[in-house]
Amino acid sequence: MQCKITLFTAFFVALAIALSPLFQRIGSSFSSFDGIGAPSPGALPCLKAGRVMPVSSAAADSLKLASGRTSVNLGGSRTGPVKWLLALNASPAKMAGEPFLRSDNRDMVEFLGGRGRYFSYADAVEKAGLLRGSLRGNSPQAHAAEAVLGALAVYEQAGVALALRLEGTSGCLGTLDAWHEAMAEASAELEAAEREKRHPSLDRLYRANRYFQFLQALVQVEEADPNVALRVIPHEGSYLTPAAALLEKNLSPAGWTALKAYAAACDAYAAGDESTAAETLRQLSGELESILPMDSFKLHFEHCVNAIEPFLGGFLLYDMSLVCFVVSLFLKRRKTLLHFATVFLCMAVLWHLFGIAARMYIQSRPPVTNLYSSVVFAGAVASLFGGTLYILRRQLPVAAIACASGLLSLLVAMNLPYSGDTMGMMRAVLNSNFWLTMHVMTIMIGYGSVFFAGFLASYHLVARFFGQGEKGLKAGACGVYRILLVALFFCFLGTMLGGIWADMSWGRFWGWDPKENGALMTLLWCSCSLHARLLHVCSCQGFLVLASLGNIVAAWGWFGVNLMGIGLHSYGFVEGGWFWFFLFVGLQVLAAASALIPQRSR
C-alpha cells in the first residue's frame, strides 16, 4: 500500500513538472495572447516558410531567429512570441530601442553599442551601411555582420506582419482609411481626366502614388526572402502580408476582416489597452474558423503544443530523475527516492516521445526532418533504450545514462544557434516520407545506440577509478558489446539505404561527401571495436575505451560535418557550436583517459 501511495505521489509530481511551462504561461502575461483557451490569438492562421501554422509558431520562429530565444523581457516582464509580435507592429518606435537582438560576437555587440550578447534595432540600423561594407572575406567579423543584417531583416519583416503605418497617418486603422481615401481620390481624378480629355492632375495623384510605391517596395522585399515573411491575411486559399493585401484589387471578405481586426488590435495595444487587443484577436480567430476552409483543430493543437513545450518539460523531468538517482546512491534507505526517480524517467521518456509524435502529426512527416529533430530523436532512442533496460534489469548506471542521454539531447536541441522547433516546408531533396523513414530514422537509431553505448562505457571507466571491481567492469563491457551490435546493424543499414537514396536523388550511390564519410567512419569504428572485443585483441577495459571514443567519431560524423558547412547535405548546416563540440570531445577524451589511472583498491 505504501508503495502504491509513493508511486501515485511521484506520478502527480512528475505531471506537475511536465506541465510547469504551461502553468508559467497561465500565471503570467503570456495568458492573454499565448494562452491555450479557444479561440486564442496564438492559434490564428499564418503562412510562413511554405506552411500554414498558428501565429504563435511563426512569431516564435521569427523571435528565435532574431534573438536566439522564444521569449523576451519587455518592460520588466517575460513576454511571449505573440505579444512580442503585436508590440512590434503596434509600437515600432518603442520596440526599436529594446535590446533583444542577439549576436554571439562580443566585439560586434560592442561595436553596435549593445551590452553582453544583445543590442537593439536602433543601435544596429544606424550602422547598417558599415555592416554591409564589412561582408567581404571569410573573417569572424564578416560572419557576425552577416548574422546581424539577417536579424535586422527578420525584425523588419516581423514589424510589418500584422499592420502598417503609412507616412502622415494616425494609427493602423488610420492607414487603412488614408489608403482608401487616396485610392478613391486618384480613381476619381483619373475618371475625370478621361471624361474631360485632359491630363490627370499630379497633385491629386501624388498621395496615392507615394503610398503605392511604399507598399510595392515592401512587397518586393517580402518576395526576395519569402521564408522570412509572415503572411496573416487570408485570400483565396492562401495568405498575404498586409502590404500585398492593400495592393490586391479584389481582396476577399475574410482578408478585409483580418486586415481591419489586426489594425484595430495594434491600435488598442499602442494605446495601452491590452485586454481589448487580445479580445479583438480572439474574435478574429473565431470568425476565421467559421468562414475559412482550414484545419482549425491542427492549428489549435500546434498552438497548445507550443504552450505546453513538451521538450522543456521532458528536460526538467530528466534533470529531476538524474538528481534522484545520484542522490539515492548516498542514502541507506533509498527505496522511496528510487521510486520517484523511476517514475520521473518513465514520464520524461513519454513526454519526449509525445513531443516527437506531435511534430509528426503537425508536419505529416516522419520524426526526423532536420538537425533539430535528429538531435531530439537520437536522445529519445538512447533514453528509451536505457529506460527499458533499467526496468528489466534494475541497473542504476543504465538509468543514469538514460537520463543523461535524454537531458543532453534536449539541451543541445534547445540551444542550437538561432534555430529551434521550426517546421517549415521540406527541401526538395528531402521531400520523401519513405526515405525519411527508411534512411534517416534508421541511421539516427544507430547514432543514438552508439552514444548510449559510449556514455555507458564512459561511466564504467570512471566508476573503475572510484572502486568498481573487475566483475563490474566485465559486466559493463558485456552490456556495451550488446548495445554496439544493435548500433552496428542500424548504422550499416542506414548507410546502405542512404546510398540508395543518393543514387535516386543525385545519380550516384557514393560520392565521398563529408556526411557520407562521417557515417562510414562511425560504421567502421563500431565494427573495429566489436571485432577487437570478439577476437580478444583488447581487454574489457580497452574495449570500453574504444566504445567511449566512439562517441567522438559519431559526434563528428553526425554533428561536426554540419559545422563545417561543406558538402551536398546543406540542409543540415549550422553556424556556431564549435566550442561546445570540442568541449564534448574533451570530456570524452578525459573519460577514456581515466583508464590510464591505476584502479583504486576497495
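The values are calculated or read from the model by the stated rules, or taken from the named source; none is laboratory data. None of these values were measured; they are calculated from a predicted model. Backbone-built Cβ (ideal geometry, glycine too); neighbour counts: all protein chains shown.
State yes or no: is residue 56 modelled with pLDDT of 85 or more, crowded, with 24+ Cβ neighbours inside 10 Å and of a type in the set (S, T, N, Q)?
Yes: the conditions hold for residue 56.
Scan the stretch 80-93 residue by residue and report those that are buried (at least 24 other Cβ atoms within 10 Å of the Cβ) and either out of contact with any Phe, Trp or Tyr (no Cβ under 7 Å at 6 or more places or on another chain) or not hydrophobic (A, V, I, L, M, F, W, C) (or both).
80, 81, 83, 84, 85, 88, 89
Please verify whether the stretch 515-523 includes one or more residues that are at pLDDT below 85, more than 15 Å from residue 454 (Cβ to Cβ) and not in a helix (DSSP H, G or I).
No, the stretch 515-523 contains no residue that is at pLDDT below 85, more than 15 Å from residue 454 (Cβ to Cβ) and not in a helix (DSSP H, G or I).
What pairs can you find where one residue is in the stretch 284-296 and over 16 Å from residue 56 (Cβ atoms) and not assigned by TED's automatic domain parsing to the domain that holds residue 235, the other is modelled with pLDDT under 80 and loosely packed, with under 13 Cβ neighbours inside 10 Å, and their Cβ atoms are less than 6 Å apart, with a gap of 6+ or different chains?
So the pair list comes out empty.
Kindly indicate which of 192, 208 is crowded, with 16+ Cβ neighbours inside 10 Å, over 29 Å from the mean Cα position of the chain (by Cα) and assigned to a helix (DSSP H, G or I).
Just a single option satisfies the conditions, and that option is 208.
Which of the following residues is within 30 Å of residue 578 (Cα to Cα), small (Gly, Ala, Ser) and in a helix (DSSP H, G or I): 60, 122?
60
Tell me which residues, restricted to the stretch 100-118, are over 17 Å from residue 62 (Cβ atoms) and not charged (D, E, K, R).
105, 108, 109, 111, 112, 113, 114, 116, listed by residue number.
In the stretch 197-213, which residues are more than 18 Å from residue 244 (Cβ to Cβ) and of a type in the set (A, V, I, L, M)?
202, 205 - these are the residues of the stretch 197-213 that are more than 18 Å from residue 244 (Cβ to Cβ) and of a type in the set (A, V, I, L, M).
Collect the residues in the stretch 228-244 that are touching a Pro at 6+ places or on another chain (Cβ under 8 Å) and assigned to a loop (DSSP other than H, G, I, E, B), keeping them in residue-number order.
232, 237 - these are the residues of the stretch 228-244 that are touching a Pro at 6+ places or on another chain (Cβ under 8 Å) and assigned to a loop (DSSP other than H, G, I, E, B).
What residue, of 101, 131, 162, 176, is in the same structural domain as residue 284 (by TED's automatic domain parsing) and at pLDDT below 85?
Within the list 101, 131, 162, 176, the selection yields 131.
Does any residue of the stretch 548-559 turn out to be surrounded by 14 or more Cβ atoms within 10 Å (Cβ to Cβ), more than 24 Å from the chain's Cα centre (by Cα), assigned to a helix (DSSP H, G or I) and modelled with pLDDT under 85?
No - not one qualifying residue is present in the stretch 548-559.
Looking only at the stretch 258-289, filter to residues that are surrounded by fewer than 18 Cβ atoms within 10 Å (Cβ to Cβ) and hydroxyl-bearing (Ser, Thr, Tyr); which one of those is modelled with the lowest pLDDT?
275
So which of 337, 317, 322, 345 ends up being over 21 Å from residue 80 (Cβ atoms), aliphatic (A, V, I, L, M), buried (at least 17 other Cβ atoms within 10 Å of the Cβ) and free of Cβ contacts under 8 Å to residues at least 40 places away in the same chain?
Going through 337, 317, 322, 345 in turn, the sole match is 337.
Can you run down the residue pairs with Cβ atoms below 6 Å, 6 or more apart or on separate chains, where the first is in the stretch 154-168 and touching a residue at least 40 places away in the same chain (Cβ under 8 Å) and the partner is among the small types (Gly, Ala, Ser)?
Going by the 6 Å Cβ cut-off, the qualifying pairs are 154/62; 154/66; 155/66; 157/229; 158/62; 163/263; 166/178.
Table: residues versus (1) assigned by TED's automatic domain parsing to the domain that holds residue 539; (2) free of Cβ contacts under 8 Å to residues at least 40 places away in the same chain; (3) more than 27 Å from the chain's Cα centre (by Cα).
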| residue | (1), (2), (3) |
| --- | --- |
| 480 | yes, no, yes |
| 485 | yes, no, yes |
| 489 | yes, no, yes |
| 496 | yes, yes, yes |
| 509 | yes, yes, yes |
| 513 | yes, no, no |
| 522 | yes, no, no |
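(1) surrounded by fewer than 17 Cβ atoms within 10 Å (Cβ to Cβ); (2) at pLDDT below 85: which one isn't true of residue 213, the others all being true?
(2)
Give me a count of the residues in the stretch 114-127 that are of a type outside the set (Lys, Arg) and either crowded, with 22+ Cβ neighbours inside 10 Å or farther than 16 Å from residue 155 by Cβ (or both).
Summing the residues that are of a type outside the set (Lys, Arg) and either crowded, with 22+ Cβ neighbours inside 10 Å or farther than 16 Å from residue 155 by Cβ (or both) in the stretch 114-127 gives 4.
Mind listing just one residue for me: the one in the stretch 88-103 that is in contact (Cβ under 8 Å) with a residue 24 or more places away in the chain and out of contact with any helix residue (DSSP H, G or I) (no Cβ under 6 Å at 6 or more places or on another chain) and, of those, nearest to residue 263 (Cα to Cα)?
Here the residue is 92.
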